[in-house]
1. Using Cα pairs under 8 angstrom and six or more residues apart, how large is the relative contact order of the stretch 1-155, in percent?
2. If you wrap the stretch 108-287's Cα atoms in a convex hull and average its projection over all directions, what's the area in nm²?
3. How large is the helix-only mean residue ellipticity at 222 nm for the chain, computed as the sum of -39500 (n - 2.57) over DSSP H runs with n ≥ 4, divided by its residue count, in deg cm²/dmol to the nearest 500?
4. Quick one: Cα convex hull volume of the stretch 3-88, Å³ per residue?
5. In whole Å, what is the distance between the alpha-carbon centres of the stretch 16-31 and the stretch 140-184?
6. Let me check against my output: what whole-number percent is the relative contact order of the stretch 108-287, with C-alpha pairs under 8 Å and at least 6 apart?
7. Average the reciprocal distances over every distinct pair of alpha-carbons in the stretch 69-130, invert the result, and give the Kirkwood radius in Å.
8. Tell me, what are the semi-axes, in whole angstrom and largest first, of the equivalent ellipsoid of the stretch 17-57 as set by the roots of 5 times the Cα gyration tensor eigenvalues?
Amino acid sequence: MNVFSVLSDPDNPISLSESSYHKATQRAHPYVQIRDGETKCYALCPSCKNPVHLRNRIVKNTVAKTLYAAHVAFSVAGLAEYSQERYQICPLANPQRLDRAGGKKHPGAVAADLKRFFLENADLVIDFLEKRIGLALPDYARENMLKDFGANRAFEYAGVTKYNLPLAFAYLTEAQAMTGFEIMKNQQGLAAAITGKCQDFEVTSRGVRQYISRKKTGEVPTSRSSKLYLSFHDHEISKEQPEKQTVTMVVNETPDPKMPDVYREIYRQSISLDGVLFLRTCLRRARLLSMAKAHIG
């Protein structure tokens, strides 16, 4: 994995580089120790708080030859006591794809903590998702997706973590009709695809903003019942950096919503998320709220 934390702030993930590790630890004990006659560099896993060992820091002794952190199954004096129980449910040590979790569920306490975390950061979850898909979701779509996420009992999925909540929120919701969605400036690929491929939908401008609308015959919207659906598929996890994940965004035009298996694909895009950035943003907001409550009440 490409992230670590330190004793003074064990929940805060730090993106791993040689420079960030040296700055955070000063290359001092207990982070750097002699073990089995060799200098070893350790840190904490920000998820399970078990010790992790930095591989390839100086000598490139693995096939990958890149710097990364790996969990170790032993305690490191002065740093962390190893817990097998915490390791087994650690999303960074044992990441689960949302489409291949094999029915595995989070323990009750983990699911409850994820639910609490989501409720405290629902606005950031949606904001991160919208910026990455290049679409501003209208309130009706946000409410529909929240209903789906809850009905799917998403917090129980072993693949859902604090690192991937925006992507998990997208993946664990059902198809959404896109009429009224605003297309952001960074999503002109979708705008072009709708303009060039859709039979019943188009992109209309209101001032400097662009929206998805049903095509009109004269001044009247077409009476067809067709739908332009947004959905998310194919969750992928980086093998070297499990905090970095992707899902595939798909937009299809369905002539008859009573037969959703008949459709035309309009657009497809891989959507990526840096889970470290998302989690750090949530934690930074929590610290600010704590300071505000302490000084303002």
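1. 16 percent
2. Over all viewing directions, the stretch 108-287 projects a mean Cα-hull area of 11.8 nm².
3. That comes out to -9000 deg cm²/dmol.
4. Normalising the Cα hull of the stretch 3-88 by residue number yields 96 Å³.
5. Each part's Cα centre sits 37 Å from the other's.
6. This gives 20 percent for the stretch 108-287.
7. 14.3 Å
8. After scaling each eigenvalue by five and taking roots: 16, 13, 10 Å.
Where a number appears in this text, it was derived from the coordinates with a stated rule and is not lab data. If you're wondering where the values come from, they're calculated on a predicted model, not measured in any experiment.
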